[in-house]
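A.B. asks: Just dropping this structure here.
The values are calculated or read from the model by the stated rules, or taken from the named source; none is laboratory data. All of these numbers come straight from a predicted model, not from anything done at the bench. We place every Cβ from the backbone using ideal geometry, glycine too, and count neighbours over all the protein chains shown.
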Amino acid sequence: MARDYGKEYREFHGTSAQKKRRAGRNRDRRAALRNGEAKKGDSTEVHHVDGNPNNHSNRNKVVMSRKQNRQIGKPNTRDWKSISAKVRKLMDEGRSQKQAVAIALNMEGKRGN
């Protein structure tokens with residue numbers, strides 16, 4: 001059976017709640033572009049630590065590669081909240097954002113195997 005994109009939009013993507021979530025993600029991406037944390041066409045995404053794209057505080061946002069951001073939701077990475085907390089802790093200890101993400105994902109990958 002073919003995928004019905006119209007129905008998918010009407011029932012999910014077109015709802016007001018989902019539009020607000022998408023607008024929040026777009027807003028944070030534009031802010032990252034303005035601040036120089038991301039560049040147009042690069043493979044980075046803005047990860048929301050608490051999973052809420054409408055929480056726009058700087059402590060809730062981490063710019064990371066698309067691969068790293070998508071890896072957080074995979075079954076072998078146990079809990080994205082614990083990974084996000086580790087990233088925030090490492091950044092508070094003085095690590096760069098890129099180093100903190102790599103270390104946190106590496107720590108979680110070893111534990112999940």
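A.B. asks: Scan the stretch 4-50 residue by residue and report those that are acidic (D, E) and over 18 Å from the mean Cα position of the chain (by Cα).
C.D. replies: D4, E8, E11
A.B. asks: Separate question: Determine whether D92 is without any contact (Cβ under 8 Å) to a residue 40 or more places away in the chain, among the charged types (D, E, K, R) and farther than 17 Å from M107 by Cβ.
C.D. replies: no
A.B. asks: Separate question: Pick out the one residue from N54, N58, N26, N35 that is touching a residue at least 12 places away in the same chain (Cβ under 8 Å) and out of contact with any strand residue (DSSP E or B) (no Cβ under 8 Å at 6 or more places or on another chain).
C.D. replies: Selected residue: N54, the only one of N54, N58, N26, N35 that is touching a residue at least 12 places away in the same chain (Cβ under 8 Å) and out of contact with any strand residue (DSSP E or B) (no Cβ under 8 Å at 6 or more places or on another chain).
A quick yes/no check of all residues on (1) at pLDDT 85 or above; (2) buried (at least 19 other Cβ atoms within 10 Å of the Cβ); (3) hydroxyl-bearing (S, T, Y); (4) farther than 20 Å from A23 by Cβ:
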position	(1), (2), (3), (4)
Q68	no, yes, no, yes
I72	no, yes, no, yes
K81	no, no, no, yes
S84	no, yes, yes, yes
R88	no, no, no, yes
G94	yes, no, no, yes
E108	no, yes, no, yes
G112	no, no, no, yes
